[in-house]
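The values are calculated or read from the model by the stated rules, or taken from the named source; none is laboratory data. Treat the numbers as computed from the prediction; the structure is a model and nothing was measured. Positions of Cβ are generated from backbone atoms using ideal geometry, with glycine treated the same way; all protein chains shown enter the neighbour counts. For accessibility, only protein heavy atoms count, side chains too; no ligands or nucleic acids. Shrake-Rupley method; radii C 1.70, N 1.55, O 1.52, S 1.80 Å.
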Amino acid sequence: MSASLVRPAGKDPRPHRDFVTELDFSRQEVIETLALARELKELRDRPDSAALQHQTWGLIFHKPSLRTRISFEVAIDQLGGSHIYLTDNEIQLGKRETIADAARVLSRYLNGIVIRTFKQSDVEELAQHADVPVINALTDLLHPCQIMSDILTIYEKLGRYEDFKLVYIGDGNNVTNSWLNLSTLLGFELVVATSPDTLPDAGIFERAQKAGSSRVVISHDPQEAVHGANVIYTDVWASMGQKDKFVEKEQALRAFQVNGDLLRKADKDCIVMHCLPAERGREITDEVMDGRHSVVFDQAENRLHMQKAIILKLLEV
Ligand code: CP
Ligand code: NVA
């Protein structure tokens, strides 16, 4: 066979970029994406339905999802594209064939891939070998789209995206790691109040401290940590994929519940955030979740506007 008939298995030269970690964006790009999300939110009743015209995006979900899946599906739909929702039953990523081969094939059909899975390294491998944008919709390590929309919510509520004190209370998980990553790009005070047995990723924490953009500390005393907080943030004590550790996590984190007593020690205008789904009565009480400080449903709504902004930002190349 003539060599010219053999198409190399490597990437097409199509320019594209990925969002597999917050650090795929520069500080300037975070700020621009925030502005774009705010514009898109204003246009919500008359969305630009042409941006993804003739595009099909693949949504690969290996874990359950309400907000992320639905907001991406609606976002793609409102931008004029279509999507295919895929669970592990269909692709069996890394099992039926290598992740690299699956990435190469998917790139021949799709215009973009959104993936929620367990290992961050699987998302990175997919992104490395795909020649269409790959967006991380949550791994055990990170939840970057969540944190991008949360900073939009903070901007709406506080009127600024820097110079605030955010106290994350609870399990040092993917959401905590994403806050730590964002703290290297924007400037704020980040206190992670957690037990010695539920710390966030050590490497990510160290990088955030060394970056020097934000003041980043760990506290084991939630009562003391929330003093002067503008934002209290919490999440489930046992994440998806870690439910087998539920009993030990609950024991370690019992003193880290976000409840009325704790909230009274924060700034009087403090907002309370939770990425949801919440386990009411565990990491957060009904009183707080349904109280006047809670912005959790605004947070959930902003996922939609931010997913659009992230997609459009990636397509700017
Ligand atoms: N916050 C969030 O990612 O929710 P889902 O797991 O429902 O997508
Ligand atoms: N930390 C949680 C976030 C869910 C959106 C989890 O990974 O289950």
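Some points to look at:
- Taken together, the residues in the range 38-72 that are part of a helix (DSSP H, G or I) and either of a type outside the set (A, V, I, L, M) or within 16 Å of ligand 1 (Cβ to nearest atom) (or both) amount to 10.
- Remark: pairs (first residue in the range 15-26, within 14 Å of HIS143 (Cα to Cα) and part of a helix (DSSP H, G or I); second residue open to solvent by less than 50 Å² (accessible area, probe 1.4 Å) and not charged (D, E, K, R); Cβ separation under 7 Å; 6+ apart in sequence or on different chains) = GLU22/PRO144; GLU22/ILE147; GLU22/SER178; GLU22/ASN181; GLU22/LEU182; GLU22/LEU185; LEU23/ASN181.
- Of all residues in the range 59-69, those that are within 13 Å of ligand 2 (Cβ to nearest atom) and of a type in the set (A, V, I, L, M) total 1.
- Considering residues of the range 213-229 that are in a strand (DSSP E or B) and of a type outside the set (D, E, K, R) only, the residue farthest from the chain's Cα centre (by Cα): SER219
- Residue count for the range 281-317, restricted to those that are open to solvent by 40 Å² or more (accessible area, probe 1.4 Å) and under 21 Å from ALA229 (Cβ atoms): 7
- The set of residues in the range 100-128 that are β-branched (Val, Ile, Thr) and open to solvent by 10 Å² or more (accessible area, probe 1.4 Å) contains only VAL105.
- Contact map, the range 143-158: first residue open to solvent by 10 Å² or more (accessible area, probe 1.4 Å), second residue of a type in the set (Lys, Arg) and more than 14 Å from ligand 2 (Cβ to nearest atom), Cβ cut-off under 7 Å, separation 6 or more or different chains; the map is empty.
- Test: residue in the range 234-247 that is open to solvent by less than 50 Å² (accessible area, probe 1.4 Å), of a type in the set (A, V, I, L, M, F, W, C), away from ligand 1 (no atom under 16 Å from the Cβ) and over 19 Å from the mean Cα position of the chain (by Cα): yes
- Identification of strands (runs of 3 or more DSSP E) wholly contained in the range 120-212 with 1 or more residues that are within 16 Å of ligand 1 (Cβ to nearest atom) and not polar (S, T, N, Q) yields 134-136, 165-169.
- Check on TYR85, within 15 Å of ligand 1 (Cβ to nearest atom), open to solvent by 40 Å² or more (accessible area, probe 1.4 Å), at pLDDT 95 or above and in contact with a strand residue (DSSP E or B) (Cβ under 8 Å, 6 or more places away or on another chain): yes
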